[in-house]
Amino acid sequence: MAEKTKTNPKGSGAPLGNQNSSKSNRLFGETIKRLDIQSEGEINRAIAEALIEKAKAGDISAIKEYADRVDGKVVQQIDQNTELSGEVAYTWKK
């Protein structure tokens, strides 16, 4: 029987000892936040303005990104209609 992997007690589901996306490995995001604070928001403002300009010019990926940021990402809805007959069939193969 396979040994069950122990998960993080905080409920993240990641196995204990998993270093992927640990706080110490988030250098890129921390650097961006620090630079934005130092520039008093000018970097984020410039990026947002560039995105809006691209969207206004008809760039489809910019339009999608803008819509996702403003309205939130569209959730895919799955319509599942299942009719149960009350019977279950089992097949064994040798």
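Regarding the range 77-87, can at least one residue be identified that is in a loop (DSSP other than H, G, I, E, B), under 27 Å from the mean Cα position of the chain (by Cα) and among the aliphatic types (A, V, I, L, M)? So far as the range 77-87 goes, yes, one or more of its residues are in a loop (DSSP other than H, G, I, E, B), under 27 Å from the mean Cα position of the chain (by Cα) and among the aliphatic types (A, V, I, L, M).
Note on the range 40-76: among residues that are surrounded by 10 or more Cβ atoms within 10 Å (Cβ to Cβ) and assigned to a loop (DSSP other than H, G, I, E, B), the one that is nearest to the chain's Cα centre (by Cα) is Asp59.
Just so you know, all these numbers are worked out from the coordinates, no wet-lab data involved. Bear in mind the structure is a predicted one, so any value in this text is a computation, not a measurement. Neighbour counts run over all protein chains shown; Cβ positions are idealised from the backbone, glycine included.
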